[in-house]
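The block underneath contains the structure these notes are about, expressed in structure tokens.
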Protein chains: 2
Amino acid sequence: MKSANENLSDILANKGLKSSHQRLKILEYLANNPCHPTADKILHEMKNELPTLSKSTVYKTLNSFVEANLLRELTIEDREIRYEYNLEDHGHFKCEECGEVYDFKINFDIFHSKELEGFKVNDKNIYFKGVCKSCLSNKN
Amino acid sequence: MKSANENLSDILANKGLKSSHQRLKILEYLANNPCHPTADKILHEMKNELPTLSKSTVYKTLNSFVEANLLRELTIEDREIRYEYNLEDHGHFKCEECGEVYDFKINFDIFHSKELEGFKVNDKNIYFKGVCKSCLSNKN
DNA sequence: GTTCCTGCAAAAGCTTTGCAGAAGA
DNA sequence: TCTTCTGCAAAGCTTTTGCAGGAAC
């Protein structure tokens, strides 16, 4: 039976990415934490396990992963790139009160626009903003 | 018959915003140019008409307008906030080759997600990325 | 006369880049 | 051994902030 890291290692290899301790740990973190973290959050969350991990390594790693289609980049807000390992079609909801980002299922195939005929679509994003259930009930 | 600027002036007043030469010109520019400009583009496009216009005025003005729901902010890419005067529901397509942003009609009412029941949705965004028709045909 | 806006400069914040040494294959 | 990754520091860019003078009402 393979360990989780052997699997992740294979994933990197399949994408043509060299393996390293840092890369495996960052990928593992993203696979286990579907919380749409920013680069900064990842850095701080991993400081215990990887005390010497640097910002630039995190940024370079995340960019390699995005380029290899291993991660998806979320640009819901300016100056706050978030990353997720979930590559299936889905939408995002960001709560303006608590900042939490929620996933929700959505079928992207329902979109058909005559205006986009002849266009090559590589990436589809949908995000909503508002107030989440939990913040709404805290107000009452 | 009112001039266009008198109308824009009324719009500002209705939103509780003080009128000024700069604000009217910036709003006029956005109303006439549905090209989803960035703050920087607006600044440069207006240099002829308003030679002393400053970056900070542009940023502050745009932020006031967004807060007053007079403009919509697009965050398709990080570090590149674009603005538009069109507040009707529609989607955006950004061409990865030429950088152009296209609007397309979309009915946001078709989205129904059980996962968002009990959530208060204030803002809906949808954007696609890919290659536009014009860039595709230039390749052949 | 007040209030709020403008514009200059400086600061802030996130992301990228350059480079020397280290790690991986 | 050769390539590529890591991590430090510095640079780059967009956006925000502070403040004095000026415009709007």
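We did not get these values from a lab; they are worked out from the coordinates using the rules stated. Given the structure is predicted, the values throughout are model-derived calculations rather than measurements. All Cβ positions, glycine included, derive from the backbone under ideal geometry; neighbour counts span all protein chains shown.
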(Q) Just to be sure I follow: if Rg is taken over the C-alpha atoms of segment A:1-76 and Rh is the Kirkwood radius over the same atoms, what is Rg/Rh? (A) 0.94
Q. Once you put a point 7 Å from the Cα of A:CYS35 and another 7 Å from the Cα of B:LYS15, both along the Cβ direction, what distance in nm separates them?
A. 3.7 nm
**Q.** Net charge, B:ASP103 excluded, C-beta distance under 13 Å - Lys, Arg +1, Asp, Glu -1
**A.** 0
Q) Cα centroids of segment B:82-140 and segment A:57-96: how far apart, whole angstrom? A) 18 Å
Q: Please figure out what share of the DSSP beta bridges in the protein assembly as shown is antiparallel and state it in percent, rounded to the nearest 5.
A: 80 percent
Q) Hey, in the GNM for chain A with a 10 angstrom Cα cutoff, which one of A:ASP78, A:ASP103, A:ASP40 fluctuates hardest? A) A:ASP78
Q) If you average over every viewing direction, what projected area does the convex hull of the Cα atoms of segment B:3-140 give, in nm²? A) 11.2 nm²
**Q.** FRET efficiency, B:LEU50 to A:ALA68 (Cβ-Cβ, R0 41 Å, nearest 0.05)
**A.** 0.35
Q: Mind sorting B:LEU27, A:LEU53 by how few other Cβ atoms lie within 10 Å of their own Cβ, fewest first?
A: A:LEU53, B:LEU27
Q: Please report A:LYS133, B:LYS139 as a ranked list, fewest other C-beta atoms within 10 angstrom at the top and most at the bottom.
A: B:LYS139, A:LYS133
Q: Using a cut-off of 11 Å between beta-carbons, work out the net charge of the residues near A:THR57 (Lys and Arg +1, Asp and Glu -1, A:THR57 not included).
A: +4
Q) For chain B, what is the mean residue ellipticity at 222 nm derived from helices alone (per DSSP H run of n ≥ 4: -39500 (n - 2.57); sum divided by total residues; nearest 500 deg cm²/dmol)? A) -10500 deg cm²/dmol
Q: For chain A, find the longest principal axis of its Cα atoms and tell me its angle to the long axis of helix A:55-67, 0 to 90°, nearest 10.
A: 60 degrees
Q: Return one number: the angle in degrees, 0 to 90 and rounded to the nearest 10, between the long axis of the Cα atoms of helix B:21-32 and the longest principal axis of the Cα atoms of chain B.
A: 30 degrees
Q: Summarise the partner chain shielding of A:78-90 as one whole number: the mean count of Cβ atoms from other chains within 10 Å of each residue's Cβ.
A: 2
Q: Report the relative contact order of chain A, percent, no decimals, based on alpha-carbon pairs under 8 angstrom and at least 6 residues apart.
A: 18 percent
Q: Out of all DSSP beta bridges with both ends in chain A, state the antiparallel percent to the nearest 5.
A: 70 percent
Q.
Give me the dipole magnitude in Debye, nearest 20, for segment A:1-136 about the Cα centre, with unit charges on the beta carbon: positive for Lys and Arg, negative for Asp and Glu.
A. 380 debye
Q: Using the number of other C-beta atoms within 10 angstrom as an exposure proxy, rank B:HIS112, B:HIS90 with the fewest first.
A: B:HIS112, B:HIS90
